[in-house]
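Presented below is the structure to which this report refers.
All of the numbers you see were taken from the coordinates with simple rules; none came from a lab. What you see is a predicted model, and the numbers here were worked out from it, not measured in a lab. Note that each Cβ is placed from the backbone with ideal geometry, even for glycine, and that neighbours are counted across all protein chains shown.
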Amino acid sequence: MSWDWQVFFQDTGSGQTYLNWMMSAWGWTLLVSGCSLVVALTVGSLMGILRTTPVKAFVWIGNAWTELFRNIPLLVQIFLWYHVIPSIFKSLQSVPDIVAVVIALGFFTSARISEQVRAGIQALPRGQRYAGLAVGLTLPQTYRFVLLPMAFRIVIPPLTSESMNIIKNSSVAFAVSITELTFFAMQAQEETSRGVEIYLAVTFLYFISAFAINRVAAVIEQRVKVPGMIGGGK
Amino acid sequence: MNLSFAFIDWNLISSFILKGFYFSVQLTLVAMVGGIALGTIVALMRLSGKKWLEYPAAFYVNTLRSIPLVMVILWFFLLIPLLIGRPLGAELSAMVTFTVFEAAYYSEIMRAGIQSVSKGQVSAGYAVGMNYAQCMRFIVLPQAFRNMLPVLLTQTIILFQDTSLVYAVGAYDLLKGFEVAGKNFNRPVEMYLLAAITYFIICFSLSMLVRRLQQKIAIIR
């Protein structure tokens with residue numbers, strides 16, 4: 001078999017080349033991943049925090065959320081938000097498709113992030129919480145000024161790998177015809193029969209995207225390190 | 001819209017859903033056994049201290065772990081026929097793919113497990129005259145395996161969830177079973193909902209069992 005990279009300069013039949021199409025597909029992958037990451041970090045942190053509070057009802061909600069979204073496959077969750085929810089709540093039918101995917105991927109990942117945030121908070125010595133409360137801070141203030149600043153630094157490495165997982169998991173959006181990289185790969189493979197070249201290019205783009213996140217996270221970790229503490233050095 | 005589950009009977013379950021369920025379970029078991037076996041070998045290669053074994057193993061693990069599973073499934077579906085000269089079918093192709101893919105993840109778990117066994121144990125093995133292979137076989141691996149059992153099983157639950165991704169090549173798994181039933185009876189919404197409930201019940205009960213096991217194993221450590 002021989003290489004044929006010219007395939008990327010072929011016209012797709014709609015006035016753009018496969019290269020153009022792939023770049024816009026990459027944009028969709030990054031958009032879906034980015035939005036989902038915001039949802040996942042927000043909801044996941046909230047749920048993780050709830051699970052460490054002394055309020056039993058909050059702990060229950062946090063636990064239930066985590067178990068629910070961790071034990072259903074991502075693809076099934078995407079179908080739930082895409083097919084099931086809009087047919088039960090008619091008013092949601094006009095919502096763009098990508099929103100369903102972002103919610104599904106965001107909530108799915110939030111369950112994993114909630115685990116890590118909880119573990120991060122519980123990794124702190126119990127005395128820190130008591131110290132905060134003892135100097136007269138309210139519980140929310142204790143979280144805001146004492147526990148969370150350290151807990152989030154502890155969980156940067158696992159959050160980094162979750163962020164890289166989001167890029168990978170965004171590929172499941174192909175199933176509801178979001179024109180992201182995997183969807184492009186399947187379509188272009190069928191249209192051009194140059195599967196190897198197309199898959200190589202797409203795989204490479206996934207690589208760089210995940211690697212970029214890895215580097216950004218390393219910079220963040222470096223910026224926020226506390227001297228004398230976890231990885232702070234010296 | 002009104003959800004209605006009245007159309008569901010044993011006939012539907014046995015002819016559409018069980019067929020998919022059997023395949024999902026089969027795929028999970030094959031990939032678990034094959035993946036742990038292959039993964040252990042890869043982990044041993046990475047810890048062997050010999051560069052010509054270490055680098056290929058590290059390359060294997062890092063590559064597969066940075067590619068989305070759907071892309072890996074597509075890659076194998078494309079490449080296997082090119083290599084063996086005839087199509088293998090979505091089901092068989094999925095089994096090869098999942099074994100190779102999961103081995104990368106299992107190998108990281110086994111590596112951590114092997115590293116969790118203290119060095120003194122290996123020294124003790126050498127002291128009583130065992131060679132490297134015997135040390136691994138009789139001292140290190142049994143303990144590594146036991147220490148990591150909960151993690152290996154948790155990974156298997158994730159693997160079971162991931163089997164739904166064979167959707168990409170059209171293999172008939174549990175999710176596909178629900179989807180086909182939903183199309184045939186024109187009730188896709190109910191079927192997707194049931195699919196979610198089914199997966200949840202299976203995965204949630206399994207993870208509860210793993211948690212129990214973890215507490216039991218934790219006692220001896």
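Structure values in brief
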quantity: Ranking of A:K225, A:K168 by count of other Cβ atoms within 10 Å, fewest first; calculated: A:K225, A:K168
quantity: Helix B:188-219 vs. chain B, principal-axis angle (Cα, 0 to 90°, nearest 10); calculated: 20
quantity: Test item: B:201-209 mean partner chain Cβ contacts at 10 Å; calculated: 2
quantity: Peptide-level mean, for A:74-87, of C-beta atoms on other protein chains within 10 Å; calculated: 6
quantity: With Cα atoms, 0 to 90° folded angle of helix A:195-223 axis to chain A main axis; calculated: 20
quantity: Rounded tilt (10° steps) of A:97-122 against the dominant C-alpha axis of chain A; calculated: 30
quantity: Cβ-based exposure ranking for A:T42, A:T160, in which fewest neighbours within 10 Å come first; calculated: A:T42, A:T160
quantity: In the stretch B:1-85, the trypsin sites (Lys or Arg not before Pro) that fall in loop regions by DSSP, at most 14 other Cβ within 10 Å; calculated: B:K50
quantity: Along each principal axis, Cα extent of chain A, largest first, Å; calculated: 70, 52, 26
quantity: DSSP-loop chymotrypsin sites (Phe, Trp or Tyr not before Pro) across the stretch A:1-56, with at most 10 other Cβ within 10 angstrom; calculated: A:W3
quantity: Candidates per GluC sites (Glu not before Pro) in the stretch A:163-230, loop by DSSP, up to 16 other Cβ within 10 Å; calculated: none
quantity: Given A:K90/B:K183; B:K19/B:K216; B:K50/B:K119; A:K168/B:K176, the pairs whose alpha carbons are separated by over 26 Å; calculated: B:K19/B:K216
quantity: Cα gyration tensor shape for the stretch B:60-157, rounded if a/c is under 1.5, else prolate or oblate; calculated: prolate
quantity: Inter-part distance where the stretch B:94-120 and the stretch B:29-78 are each reduced to a Cα centre, Å; calculated: 8
quantity: The stretch A:162-234 and the stretch A:1-60: distance between their alpha carbon centers, rounded to Å; calculated: 8
quantity: Shielding score for B:62-68, defined as the mean number of other chain Cβ atoms within 10 Å; calculated: 6
quantity: Gyration tensor (alpha-carbon) shape descriptor, the protein assembly as shown, a/c threshold 1.5; calculated: rounded
quantity: CD proxy at 222 nm, helix term only [per DSSP H run n ≥ 4: -39500 (n - 2.57); per residue of chain A; nearest 500]; calculated: -22000 deg cm²/dmol
quantity: Test item: Cα-centred dipole of the stretch B:10-219, Lys/Arg +1 and Asp/Glu -1 on Cβ, debye; calculated: 520
quantity: Cα-based shape type of chain B, given that a ≥ b ≥ c are square roots of the gyration tensor eigenvalues and the cut on a/c is 1.5; calculated: oblate
quantity: Relative contact order %, chain B, counting alpha carbon pairs below 8 Å whose residues are six or more apart; calculated: 29
quantity: Per-residue Cβ neighbour rank within 10 angstrom, fewest leading, A:E162, A:E67, A:E115; calculated: A:E67, A:E115, A:E162
quantity: Linear extension gain, B:S205 paired with B:F138, 0.36 nm per residue minus alpha-carbon span; calculated: 20.8 nm
